[in-house]
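In what follows, a structure is listed as structure tokens, so that the remarks can point back to it.
The values are calculated or read from the model by the stated rules, or taken from the named source; none is laboratory data. Predicted model, so just to flag it, every value in this text is computed and none were measured. Here the Cβ positions follow ideal geometry from the backbone for every residue, glycine too, while neighbour counts run over all protein chains shown. Ligands, DNA and RNA are excluded from the accessible area calculation, which covers all protein heavy atoms including side chains. Shrake-Rupley method; radii C 1.70, N 1.55, O 1.52, S 1.80 Å.
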Amino acid sequence: VRGTIHGPSYSRGQNFVSASSLAAGFNIYAISWSPNSITWLLDGVPYATVTSADLAPGQPWVFNQPFHLVLNLAVGGDWPGAPNASTRFPATLLVDWVRVYQ
């Protein structure tokens, strides 16, 4: 699991490696988003936080305005790497529900 923000000419994020298979059942992925911080949670446990203070000088914190939510199942690319013979296709991202609180 990876939580990442992508701003103008920067990205910040952190991986979380689960001790058990995330494919074994449903999990709850959450984001707690406030004007100056974003925290990612898996099954109620925070695994990463990025704040406006974490950015380098001159990098604007642009996450204090409305945004779109993107859910994706990434295959290939620079991270986690190109698919190989052990990669299962077709891959499925099954979403039971999405809630947004304001």
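Please enumerate the residues belonging to region 49-64 that are over 18 Å from the mean Cα position of the chain (by Cα) and either of a type outside the set (A, V, I, L, M, F, W, C) or within 25 Å of F26 (Cβ to Cβ) (or both). Matches in region 49-64: P57, G58, Q59, P60.
The selection criterion, being under 16 Å from the mean Cα position of the chain (by Cα) and not small (G, A, S), does not hold for F26.
Within region 82-90, is even one residue open to solvent by 100 Å² or more (accessible area, probe 1.4 Å), touching a Pro at 6+ places or on another chain (Cβ under 8 Å) and farther than 28 Å from P35 by Cα? Yes: region 82-90 contains one or more residues that are open to solvent by 100 Å² or more (accessible area, probe 1.4 Å), touching a Pro at 6+ places or on another chain (Cβ under 8 Å) and farther than 28 Å from P35 by Cα. Of note, V75 does not satisfy the criterion of being closer than 25 Å to Y101 by Cβ and either within 17 Å of the chain's Cα centre (by Cα) or aliphatic (A, V, I, L, M) (or both). Just wondering, is there one or more residues in region 39-47 that are at pLDDT 90 or above and closer than 14 Å to G7 by Cα? No, that holds for no residue. Cβ-Cβ contacts under 6 Å between residues 6 or more apart (or on different chains), taken from a first residue in region 1-24 that is surrounded by fewer than 14 Cβ atoms within 10 Å (Cβ to Cβ) to a second residue that is outside any strand (DSSP E or B), are listed as Y10/Q59.
Residues that are open to solvent by less than 90 Å² (accessible area, probe 1.4 Å) and of a type in the set (A, V, I, L, M, F, W, C) were ranked within region 32-43; the one that is farthest from V98 (Cα to Cα) is I38. Considering only residues in region 68-80 that are exposed (fewer than 10 other Cβ atoms within 10 Å of the Cβ) and not aliphatic (A, V, I, L, M), the one that is farthest from L94 (Cα to Cα) turns out to be D78.
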